[in-house]
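Working notes for the structure below.
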Amino acid sequence: MKNIVILISGTGSNMAAIVRCAERDRWSAKYAARVACVISNKSNARGLLFAKEHGIATEVLDHTAFDTRDAFDAALAAIIDRYDTPDSPALVVLAGFMRILTPGFTAKYAGRLTNIHPSLLPAFPGLHTHQRAIEAGCKFAGVTVHLVTAELDHGPILAQAVVPVLVDDTPERLAERVLAQEHQIYPRAVAGLLQQMGH
């Protein structure tokens, strides 16, 4: 069984979308895969409750307890590696995990570490993507699922969805419509990766 480990920091709405899709489309039968663990760097992350309700193991690793990023990432990798076997490498899915990961961590899970970003990369990496898209006069915004590399918000693109920017849009309204697309494309992109990893 291929294990999926999802990392969150908050509500985990993309994690929930992936879990629901895995249940609905029976990933366990289709891809011999399951969401095995949800890890958060915040003990009050609401997404942990959702994971528990769906019978998924949860872990909390408080980043403030570590002196360096490297120390935190090493402890995080140790948890992930409990779900990682040589014949079936775990898929590590970042779903609103608000930590910048070290190059050593991204290299360790290269090719099986995914992230979702609320812009049409390579446009608007980093924060405040919706505000920046509106200010730049973009006609379209959107969302990108990509493999994670050492460079922030770069890496091979797995999927994108386009969302029109409306004349009277606010960052909040645009964010809501982008999020609806996130919940569609992230599960599809993860399923696509599972299919590839199975061959």
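What follows draws every value from the coordinates through simple rules; no lab data is involved. Computed from a predicted structure; not experimentally measured. Heads up, the Cβs are rebuilt from the backbone with ideal geometry, glycines too, and the neighbour counts pull from every protein chain shown.
Residue 144 - would you say it is over 24 Å from residue 42 (Cα atoms), touching a residue at least 24 places away in the same chain (Cβ under 8 Å), surrounded by 19 or more Cβ atoms within 10 Å (Cβ to Cβ) and among the polar types (S, T, N, Q)? When the stated conditions are applied, residue 144 passes them.
Residues checked against (1) part of a helix (DSSP H, G or I); (2) of a type outside the set (D, E, K, R); (3) closer than 15 Å to residue 35 by Cβ:
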position	(1), (2), (3)
71	yes, yes, no
78	yes, yes, no
81	yes, no, no
105	yes, yes, no
115	no, yes, no
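Is there a residue being out of contact with any strand residue (DSSP E or B) (no Cβ under 6 Å at 6 or more places or on another chain), among the aromatic types (Phe, Trp, Tyr) and closer than 18 Å to residue 94 by Cβ anywhere in the stretch 46-64? Yes.
I'd like the full set of residues that are of a type in the set (A, V, I, L, M, F, W, C), touching a helix residue (DSSP H, G or I) at 6+ places or on another chain (Cβ under 7 Å) and under 15 Å from residue 131 (Cβ atoms), limited to the stretch 144-177. Across the stretch 144-177, the qualifying residues are 163, 165, 174, 175. Is it the case that residue 143 is in a strand (DSSP E or B) and either more than 16 Å from residue 14 (Cβ to Cβ) or in contact with a Leu (Cβ under 6 Å, 6 or more places away or on another chain) (or both)? Spelling it out, it is not the case that residue 143 is in a strand (DSSP E or B) and either more than 16 Å from residue 14 (Cβ to Cβ) or in contact with a Leu (Cβ under 6 Å, 6 or more places away or on another chain) (or both). In the stretch 3-48, of all residues being in a helix (DSSP H, G or I) and under 14 Å from the mean Cα position of the chain (by Cα), the one that is nearest to residue 192 (Cα to Cα) corresponds to 18.
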